[in-house]
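Undergrad: Just passing along the structure, written as structure tokens.
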Amino acid sequence: MDLRPTPEQEALRAECRDWLLANLPWEYGRGLPPRFDDLADEVAFLRDWQRKLSEARWVGITWPAEFGGRGAGPLAHYIVQEELARARAPELVGRIGINLVGPTLLAHGTPAQQQRWLPKILDASELWCQLFSEPDAGSDLASLSTWAERDDRRGGWRITGQKVWTSYAQFADWGLLLARTNRSAPKHRGISAFAIDMRQPGIDIRPLRQITDEYDFNEVFLDGAFAPDDHLIGALDDGWRVSSSTLTHERGTNPRQLVIHAQLLDELFRLACENGADSDHRLQQRLAAAYVEVRLFQLHNWRSLSRLEAGKPLGPEASALKLYWSEMSKRLHDTAMAVLGSASPLWWDADGNPGGGRWQRSWLYYHAASIFAGTNEIQRNIIGERVLGLPREPTHPGER
């Protein structure tokens, strides 16, 4: 693992930082994007921001140039994500499309599908959501029951079922959906992946109120929604392999979370010095542990990046990184609540509006870190079975 930046990498970092200094509508590294009372207004702002980034080719860094990317390697993507996070730029509103759908289409899509969808993903002119999770399947994705029934008259598939925890579904133009297409096949082999038009009849989207009082997540009900044959991603009944590509990208390197947590760590140390919490010997130990764990998170990322840069797949080892940072984040936020002390329960700002406490909101949000992108229990199973070679967990009573 070589941690020394090349001249090309240093030049890319400087180019990105200079662009951000010239184009950010808030103070670089200190200011924050505007806050919106209406999520629709926030999404409109973020779509415009992603369009500007895309025009300067700061989105889809690793994508081929023919689709609007730079054709660069994983380390270039990592550098740009680091700089965006350091500038306190918001997450891309089209991040599902950029981080998950795009790489999936590049790996499994037809040339026509790639030409149709990839360019509009980059500039956020079309937003995507991910329709994988279901309320009755939990983290056992292969147990999904959403059913795609063949419709030969129309040349496609009618899809019926329910999905849940779907980020930004209420604003999405398209969804990457998994549905069962063969009920007689083993559960991992009878699933297909589809691109589905989220604006059509037969799709009912119901926002879910989260513990942070936000509505990013949604339930999605499908009642005969239609996907034509040319919206099948990959081969029929091969959706499990397609979804594995998507989930590997979801759980792989995470430069944005690394920089966010490094910033949180700096703010936590500053807060502890200001309120005297750093003089408490018990908190001193917890603060030191938080520092070490964030640095270990950095090394985990670099190890994964070194594999990608060498042309090696991440494979199931990516689960180790996701498992580590999700638990590290929860411990860091618990330490932050201890540093806040008597202020830790406060959630209201000086004007009496909810959401004024940044640390409190962050603490609530990252409680979900052990659930989203695959629960920690699932990550441990993947590590145990596919990395350590332990016996597979029984899936049926009496199975050995």
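The values are calculated or read from the model by the stated rules, or taken from the named source; none is laboratory data. Keep in mind it's a predicted model, so treat the numbers as computed, not measured. Virtual Cβ from ideal backbone geometry, glycine too; neighbours counted across all protein chains shown.
Undergrad: Could you say whether any residue in the stretch 263-286 is outside any helix (DSSP H, G or I) and either modelled with pLDDT under 90 or small (Gly, Ala, Ser) (or both)?
TA: Checked against the condition, which is being outside any helix (DSSP H, G or I) and either modelled with pLDDT under 90 or small (Gly, Ala, Ser) (or both), the stretch 263-286 yields at least one hit.
Undergrad: Further, regarding this structure: When only residues in the stretch 122-145 that are over 15 Å from the mean Cα position of the chain (by Cα) and crowded, with 22+ Cβ neighbours inside 10 Å count, which is farthest from Arg47 (Cα to Cα)?
TA: Among those residues, the one meeting the criterion is Leu144.
Undergrad: Ok, one more. Looking at Ile121, Ile96, which one is within 23 Å of Ser167 (Cα to Cα) and in contact with a Cys (Cβ under 8 Å, 6 or more places away or on another chain)?
TA: Residue meeting the stated conditions: Ile96.
Undergrad: Among the polar types (S, T, N, Q), within 25 Å of Leu127 (Cβ to Cβ) and outside the structural domain of Ile79 (by TED's automatic domain parsing): which single residue out of Thr181, Thr166 fits that description?
TA: Exactly one residue qualifies, and that residue is Thr166.
Undergrad: For the stretch 235-253, give me each residue that is within 12 Å of Leu176 (Cα to Cα) and either modelled with pLDDT of 70 or more or among the small types (Gly, Ala, Ser) (or both).
TA: Gly239, Val242, Ser243
Undergrad: Condition (residue is under 30 Å from Leu105 (Cβ atoms) and in contact with a His (Cβ under 7 Å, 6 or more places away or on another chain)) applied to the stretch 23-43: is it met by at least one residue?
TA: no
Undergrad: Let me ask another. Which of the helices (runs of 4 or more DSSP H) contained wholly in the stretch 1-111 include at least 3 residues that are more than 21 Å from Tyr215 (Cα to Cα) and without any contact (Cβ under 8 Å) to a residue 40 or more places away in the chain?
TA: In the stretch 1-111, the matching helices (runs of 4 or more DSSP H) lie at 7-23.
Undergrad: How many residues does the stretch 23-76 hold that are within 16 Å of Leu127 (Cβ to Cβ) and in contact with a Phe, Trp or Tyr (Cβ under 8 Å, 6 or more places away or on another chain)?
TA: 6
Undergrad: Follow-up question, since we're still on this one. When you scan the stretch 77-90, how many residues do you find that are within 17 Å of Ile121 (Cβ to Cβ) and either touching a Gly at 6+ places or on another chain (Cβ under 9 Å) or in the same structural domain as Leu299 (by TED's automatic domain parsing) (or both)?
TA: Adding up the residues that qualify gives 1.
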